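What follows is one structure encoded as structure tokens, with my remarks underneath.
The values are calculated or read from the model by the stated rules, or taken from the named source; none is laboratory data. Model, not experiment: these values are computed from the prediction. Counting neighbours? That spans all protein chains shown, and the Cβs are built from the backbone with ideal geometry, glycine included.
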Amino acid sequence: MLRFAVRECHLRPTDFWRLSWREWLWLTATPAAPVLPRDVFETMEKAFPDD
């Protein structure tokens, strides 16, 4: 867990040890929905412009 926090979340070890259980779950949770890639967004933006 500490290795993940330092490498992936860019936390210092001292900050890791201060995290609450709730904060740790929040940091490691899988996103609820996938993030739309930029190129797909731009294609959709061109196909369906806001008037």
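Tabulated results
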item: Residues of segment 1-18 satisfying the condition of being part of a loop (DSSP other than H, G, I, E, B) and either surrounded by 10 or more Cβ atoms within 10 Å (Cβ to Cβ) or not aliphatic (A, V, I, L, M) (or both); result: E8, C9, H10, L11, R12
item: Filter result (surrounded by 10 or more Cβ atoms within 10 Å (Cβ to Cβ) and either basic (K, R) or part of a loop (DSSP other than H, G, I, E, B) (or both)) within segment 19-35; result: L19
item: Residue check for T43: in contact (Cβ under 8 Å) with a residue 24 or more places away in the chain and surrounded by 10 or more Cβ atoms within 10 Å (Cβ to Cβ); result: no
item: Contacts under 7 angstrom Cβ, first residue in segment 23-37 being on the phi < 0 side of the Ramachandran plot and of a type outside the set (S, T, Y), partner surrounded by 10 or more Cβ atoms within 10 Å (Cβ to Cβ) and assigned to a loop (DSSP other than H, G, I, E, B), 6 or more apart; result: L27/C9
item: Hits in segment 9-20 - residues which are modelled with pLDDT of 80 or more, within 15 Å of the chain's Cα centre (by Cα) and at negative phi; result: L11
item: Selected residue (criterion: modelled with the highest pLDDT) from residues of segment 21-51 that are out of contact with any helix residue (DSSP H, G or I) (no Cβ under 9 Å at 6 or more places or on another chain) and polar (S, T, N, Q); result: T43
